[in-house]
Each structure stands twice: as C-alpha cells, then as structure tokens.
Amino acid sequence: MAPEGSRAKVVRLSDLKGGDSATVLLVSGGRAARGRLMEMGLTPGTKITVRHTSTRHGPMEICVRSSCLALGRGIAEKIVVEVSK
Amino acid sequence: MRNMRIALAGNANVGKSTIFNALTGLSQHIGNWPGKTVEKAEGKLAFKGRSISVVDLPGVYSLKPYSQEEEVAREYVRAQKPDVVINVVDASVLERNLFLTLSLIRMGRPVVVALNMVDVAERKGAKVDAKKLSRMLGVPVVPVIATRSIGLEQLIEKAVSEADKGGKCRPLREKSTEKVYADAERIARECITLTIVRPQLEERLDSVLMHRYAGYFFLVLAAALMFFTVFSIGDWASRILSGGFSSTKAWLSGILGEGFVSFVLLEGVFEGIAAAMSVALPYLIPFAIVLAILEDSGYLARMAFLMDTFMRKIGLHGKAFIPMILGYGCSVPACISCRIMETQRERFLSAFLVTLVPCAARSVIIMGLVAAFVGPEWAAFLYLFNMLIIAVLGRIAFRALPGEPMGLIMEMPSYKIPSIGNIVKTAWLKANSFLWIALPVIIVSTVLIKLVEFVGLISPISGLLSPITVGWLGLPAIAGITLIFGVLRKELALVMLAALMGTADFGSVLTPLQMMTFAIVSMYYIPCTATIAALAKEFGWKNSLAITVFEVVFALLLAGVAACVLGAFFF
C-alpha cells in the first residue's frame, strides 16, 4: 500500500464503488430526509458497505446494520463517509 | 371480562400482516415489499374462551413522527393504550429492528417480542439467542416463523400473560437516535452468533437482476413474459367459455321460448353473466396471479431500484414505480399505496399517473378486443404507447407542480419463493370479489341496457353522443352508451358492447381501426367511480374532479388524433 493509503479518506457516499466499506461521519440534507436516514440506522460512526451501484445518476444499494437500503443519488451525495482500508 | 387489545407493531415488511392473518383468519393484503399496510386493520381472535381484538399497525422504523404511518402507530400506542404490544422483529435484520423495540419499551406498555424469520436469519448465517435477548431487553421474546405459523400459539400465550400482569405504565423520556442505536448494536452483538455461509443465491441473483445494463434487459423480459402469460391463458380460457355460453344460450332459448320474461332473462341476465365470465374473468384471474407472484418474490423492489433514474425525470423517485405496477391490477389500491411516497406532492403526482396505468379491467378491453381481434402486437403497442404518455404527462405535471423531489430511501426485501398458498388465496379473493361485487353490477347493467333497448331509447341516447362517438372518433353510435356504463367499471364498456351487438366475436361487427380507437378511449377517458372516490378520499374532491375532467378531455383528444393517424397509415 502507498503511504497516503494509510491516511483517512473522507468522501461522499455517492463516490464509493460496489464492495467499498466506510464509516458514516455526517448526514446533511433536509430535516425529513436526515431523520429518516438516522432512524434507518445511518447514525454517525456506523459502518456501511456498498452492495450495488448503478449508472452515474442512478441509485445505490448499501448494507447498514445488517439491512439493505436503496438510496437515490441525491440522498447518497448528502452522506459524508470515511473510507475504510 | 373486559375485551383485551393486542397491537402488532414493527418495521415495514417483517411479517406483521402475516401474523395478523394467521391470528384472526382475516385477509389483510400481504406481499414482499415495505409499506403495504397503510392503515391499521382490526380483527378478532378467540383464545381460551377470551375474545381478543388484534390491531395490525402500519410498518414503521421509529416512533418519531416523520411520516403518516409513524404518526398512526405512535398515537395508537400512546393514546389507545393497548394491553400489550407484540413487536414483530425480523431476526435477519436484528440490529436495525431493535431500534424500534427499544423505543417501544420506553413507551411504557407491556411488550412481547415476536422474533420472526429465524429461518431466514439462519440461512444468512446468523443465529439469535432468544433467551439472552429477552434477558437483555427485559421483555419476553418468542421465536416464530410466521409464514409457517410456527410459534404463534406460544406468542399469544405469552402476550396474554403479559397483558394480565399489566405492569409498567409510565413512559420513559426519549433518548437520542444515536444512543438508542448504540444500545441496539451492543445487544445485537451479544445475542447473535455468526457463522460463515458461502455466497448466497441472493447475491448472485442481484448481481444479474440489479446490474446496470443486464438488469434492464431482465426487467423488459419480465414485463413481456407477464404480458404473454396473461394474454395466452386469458385468450384460451375466453374462447372455451364463450363457446360454452353460446351453446348454452341456444339450448336455453329453446326452453324459454319468446316473450318479455324470456327476453329479460336471456338477453339481460344470461347475456350479462356470459359476457362477464367469458370476456372479463379469464384475464382478471391470471393478472391477479402474476401480480401476486411479482409482489411476493421481492422483485418489485428491484424494479423500483432500476426505475429510479427514470422516475426522477418525472419528479418522483423509484418507489413511485411500485404503485404504478400495482395500478396494472387495480387503480384503487394503487392510489392508496401512493402513501408510501414521503410528501403530499409526490403522493398526488404518483396517484395521477397511477390512474393512467391500464388496470386489469382496462386490460380486459385491450386483450379481449385488440389482442384477440387486431393482433397481440397492437396490444403490446398500446401498452408501450401508454408508458410514453405517462412519461410525457408526468414530466408536464412535474413542471406544473414544482418542488424539490425527495430522494429514494427504501429497504430492499430479501427474495422469497412466492408462497403457493398466498397466490391461490389472491386468485380466490379476486374471483370472489368479481363474483359478488362486479357480477351483480354487470347483470343489473345488462338488464337495464336491454330494457332501454326494448323501449327503443338506444338510438335517441346514442344519437345525443354521436357527434363525439361517430363524428370525431369514428365509432359505431352505440359505443357511446357502453362508454357511459364503463364509468361504473371499465370492463363494462366491453361487456356492454358484446351485449348490445349480440356477439362476443367483435371482429365481425367492428373494424380493426374502431377496435383500436375504442380501446384507446377506454384506457384514458375517465377513472372509474371507485377510483374517483378513492382519489377524493386521499386528495379531496377538488383534486379528484380535476383529474377526472382532465382525463375526459385528454382521452377524447388523444383517441380522435390516434384514429386519424392510425387510419391514415396502418388500417
């Protein structure tokens, strides 16, 4: 691994690819969407894995707390994560 | 003794309605997608000589009021104070489910956890220790497999004894979402033993069915397969039945002879039954079965995922595809299922589009008239053209009703082999509702129209409408009357046509162009009375009326133009 690989990489969830793992840092966006995401388990510190991605503007499927969630592109852009190595 | 009340609460799609049906013997709609139950349902259960009422609450993820369903569930538990809450939990998604469990316990009502789908969890390599879970939560936990009715007896026993104990009544203060989830995580980690299982069939299926390109190929394939299954079964059954009915009619007319009574019985009652049974029922039942398989398998949610990109172009998101697919069955439940959308604007927009989707009754007209007498490729064309219309109108409506669409957030259900029992039951319920609700309307309508014909009022009424029906659309004059009846139920438009023309062999009395025009008008011209009522209930009379008036005008314009274009180039 290159040395910079050991540094934490902070990106938006929408930037991840299928099979990637990450930890949720922050959920932004409107009150309703944020509330819904939090109650479905996307609280800061939660580990997630990306199960499927689709086209560039399409939705993605992630695993969080043993459940599978489909998230639209706009929603995934509002979730900031730290990529796990 | 006072009547005991049990409430069933839990996340969406964990099997609450399955348990409810098993306990009460009722038939709440079940399927494998989150959000089916939108209103609480109530049923009765007799247990050891006591009468218990059971309430099936809509699925929720928390008790914070982010949505209508959460409001319903929370208010019920808080204000109605059920004697005991059975919290149905999906063992294969334990951690996420425990969030609601912990919130429920804090509401202060006695709680019993029904640990459902333990079989699914084990297949996924997770074994849940129910005893330990019960100890850590401080409430009884009963493992069950709802689909096979395993453990339900013990569940009720436990719930009743908890209710008898009464117990805590003071709600605790709410904790923050993060804190509750931290507890859920800790409890789930302690109670689950994980084993490594080899990559599952589910993963492999999804990598094909949800693939960014191949997924769409299979989506189209599935739709085509559904279309041809319904058409071939329906066409085959329709031919056999109409043959049977016409020979029976010949035999009956020999017995009954001539006269007014014989006319009413034979041309009204019998012809109504014959047309309903041979024209409508053969397509309705296969349709119901195909939709039930789709709902039960878990593929419906995958379709919603795949369609998200398209739905966003019309101001909605993938989940709106679910009501639209249900709309191919019946517009009424489809309009109500629009409640799975998050905002009122999205609900209204999707309900409007749902009314444009050809429901099974309209499919009866497309299949029984166009596919059978013009050609299946023309029927397929009508369905595809309909999708285009929906996309265009959706886009326009999106412009007219501006607002930032909320993005897709949807739990993906596991695949399931559709249960034969559920499919048979769905078909049975469909047949039953057709026989007891639709058939009487059809018979009364046929008798009525035959009486109108008997007293010679057909031509004055058709004459009144003929500038539109004959002049603009190029249809036979009597089509006007049948279209009026179609407002009651869409299939009546075709059934009445058969009754008035005295034959179900439409090819001999209508030109292909007339059949196409008639089908197009019937597809769009007005939502049926039941749908208008459902729209009014969900969105108010003003909105319901606006949709109705729009569709009448739109259908007449579209069909007239279509008649010109099709007539000039194809027929």
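The values are calculated or read from the model by the stated rules, or taken from the named source; none is laboratory data. This one's a predicted model, so the numbers in the text were calculated from it and none came from an experiment. As a convention, Cβ positions derive from the backbone with ideal geometry for all residues, glycine included, and neighbour counts pool all protein chains shown. Just the protein is used for accessible areas: all its heavy atoms, side chains included, with ligands, DNA and RNA removed. Shrake-Rupley method; radii C 1.70, N 1.55, O 1.52, S 1.80 Å.
The table below gives the values:
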item	result
Top-ranked residue in segment B:384-415 [being among the charged types (D, E, K, R) and within 14 Å of chain A (Cβ to nearest Cβ); ranked as least open to solvent (accessible area, probe 1.4 Å)]	B:411
Lone unmet requirement of (1) surrounded by 15 or more Cβ atoms within 10 Å (Cβ to Cβ); (2) at pLDDT below 85 for residue B:258	(1)
Any pair with Cβ under 7 angstrom, 6 or more apart, that starts in segment B:263-290 at a residue that is among the charged types (D, E, K, R) and ends at one that is in a helix (DSSP H, G or I) and open to solvent by 30 Å² or more (accessible area, probe 1.4 Å)	none
Residue B:28, sole failed condition from (1) more than 14 Å from chain A (Cβ to nearest Cβ); (2) buried (at least 24 other Cβ atoms within 10 Å of the Cβ)	(2)
Some residue of segment B:40-60 being of a type in the set (Lys, Arg), modelled with pLDDT under 90, more than 22 Å from the chain's Cα centre (by Cα) and assigned to a strand (DSSP E or B)	yes
Filter result for residue B:69 (open to solvent by 10 Å² or more (accessible area, probe 1.4 Å), acidic (Asp, Glu), within 13 Å of chain A (Cβ to nearest Cβ) and touching a residue at least 40 places away in the same chain (Cβ under 8 Å))	yes
Residues of segment B:557-569 that turn out to be more than 14 Å from residue B:469 (Cα to Cα) and surrounded by 12 or more Cβ atoms within 10 Å (Cβ to Cβ), as a count	2
Helices (runs of 4 or more DSSP H) within segment B:293-383 that include 2 or more residues within 14 Å of chain A (Cβ to nearest Cβ)	B:299-313, B:321-327, B:344-356
Subset of segment B:182-206 [modelled with pLDDT of 90 or more, farther than 30 Å from residue B:102 by Cβ and surrounded by fewer than 18 Cβ atoms within 10 Å (Cβ to Cβ)]	B:205
Criterion (in contact with a helix residue (DSSP H, G or I) (Cβ under 8 Å, 6 or more places away or on another chain) and farther than 20 Å from residue B:347 by Cα) met by exactly one of B:82, B:58, B:34	B:82
Count of residues meeting criterion [in contact with a Ser or Thr (Cβ under 6 Å, 6 or more places away or on another chain) and either under 30 Å from residue B:204 (Cβ atoms) or open to solvent by less than 20 Å² (accessible area, probe 1.4 Å) (or both)] in segment A:23-42	2
Wholly within chain A, strands (runs of 3 or more DSSP E) carrying at least 3 residues that are in contact with a strand residue (DSSP E or B) (Cβ under 8 Å, 6 or more places away or on another chain) and within 8 Å of another protein chain (Cβ to nearest Cβ)	A:47-53, A:67-71
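Yes or no, residue by residue, for (1) aliphatic (A, V, I, L, M); (2) within 37 Å of the chain's Cα centre (by Cα); (3) open to solvent by 90 Å² or more (accessible area, probe 1.4 Å):
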site: B:113; (1), (2), (3): yes, yes, no
site: B:124; (1), (2), (3): no, yes, no
site: B:128; (1), (2), (3): yes, yes, no
site: B:139; (1), (2), (3): yes, yes, no
site: B:148; (1), (2), (3): no, yes, yes
site: B:159; (1), (2), (3): yes, yes, no
site: B:166; (1), (2), (3): no, no, no
site: B:171; (1), (2), (3): no, no, no
site: B:180; (1), (2), (3): yes, yes, no
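Residues checked against (1) aromatic (Phe, Trp, Tyr); (2) farther than 27 Å from residue B:304 by Cα; (3) surrounded by fewer than 21 Cβ atoms within 10 Å (Cβ to Cβ):
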| site | (1), (2), (3) |
| --- | --- |
| B:40 | no, no, yes |
| B:60 | no, no, no |
| B:81 | no, yes, yes |
| B:99 | yes, no, no |
| B:104 | no, yes, no |
| B:109 | no, yes, no |
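So that you can scan it fast, the table gives a plain yes or no per residue for (1) touching a Leu at 6+ places or on another chain (Cβ under 8 Å); (2) among the aromatic types (Phe, Trp, Tyr); (3) touching a residue at least 40 places away in the same chain (Cβ under 8 Å):
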{"residue": "B:425", "(1), (2), (3)": "no, no, yes"}
{"residue": "B:431", "(1), (2), (3)": "yes, no, yes"}
{"residue": "B:437", "(1), (2), (3)": "no, no, no"}
{"residue": "B:441", "(1), (2), (3)": "yes, no, yes"}
{"residue": "B:456", "(1), (2), (3)": "no, no, no"}
{"residue": "B:463", "(1), (2), (3)": "no, no, no"}
{"residue": "B:480", "(1), (2), (3)": "yes, no, no"}
{"residue": "B:509", "(1), (2), (3)": "no, no, no"}
{"residue": "B:516", "(1), (2), (3)": "yes, no, yes"}
